[in-house]
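Before any comments, here is the structure.
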């Protein structure tokens, strides 16, 4: 398998993520943040487990399909966790919460790449021929995919710490989006105003 084909198969994750993220609002408005995130992490665990199980028999279609499934799960996980964090604070604090969430996500991505890369490089270093040895590449991929599965399993703990539903924050007064939000809440029966 060429490096281009391998990269494209992993890129399937970026196709599944926006598909489910765009639909996650429908879920968390009906069943809550935690339930939606639990569905998301379960789907992510399934995709990660499929990667780990099939790592020893590399197949472009299996890797792409597993990454797509993991991406679907991440879309159902990332959006509700951000909205839950935003909903847990007052309106004037939401920018800080959003920035902190995105910063933490960036740090986690950077550390993940570094740790997973170190795992792969350690396996390459211990194998004759290093990264040119196809067996070493398979072993390194399997180790990284197993580490991804462990990371996804640990994320379950964080999901259980999420609020089940959004706390009711007072709607801001004013014009524009704030006024529209008040109208939507009134229509949904969540605001006792006229």
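The values are calculated or read from the model by the stated rules, or taken from the named source; none is laboratory data. Nothing here was measured: the structure is a model prediction, and the numbers come from that model. Note that we place each Cβ from the backbone using ideal geometry, even for glycine, and neighbour counts take in every protein chain shown.
Scan the range 103-142 for residues that are closer than 15 Å to residue 56 by Cα and either in contact with a strand residue (DSSP E or B) (Cβ under 8 Å, 6 or more places away or on another chain) or surrounded by fewer than 17 Cβ atoms within 10 Å (Cβ to Cβ) (or both) and jot them down.
Across the range 103-142, the qualifying residues are 133, 134, 135, 138.
What number of residues within the range 127-159 are at positive phi and assigned to a helix (DSSP H, G or I)?
So the answer is 1.
Considering only the range 123-130, I want to know if a residue exists there that is assigned by TED's automatic domain parsing to the domain that holds residue 35 and closer than 23 Å to residue 71 by Cα. Working first, answer last.
So the first thing to find is which residues in the range 123-130 are assigned by TED's automatic domain parsing to the domain that holds residue 35, and the list is 123-130.
Restricting the remaining residues to those that are closer than 23 Å to residue 71 by Cα gives none.
Checked against the condition, which is being assigned by TED's automatic domain parsing to the domain that holds residue 35 and closer than 23 Å to residue 71 by Cα, the range 123-130 yields no hits at all.
On the given criteria, is residue 94 more than 19 Å from residue 156 (Cβ to Cβ), at pLDDT 90 or above, in the same structural domain as residue 149 (by TED's automatic domain parsing) and touching a helix residue (DSSP H, G or I) at 6+ places or on another chain (Cβ under 8 Å)?
Criteria met by residue 94.
Tally the residues that are farther than 20 Å from residue 53 by Cα and part of a helix (DSSP H, G or I), restricting the search to the range 113-126.
Looking only at that region, the number is 8.
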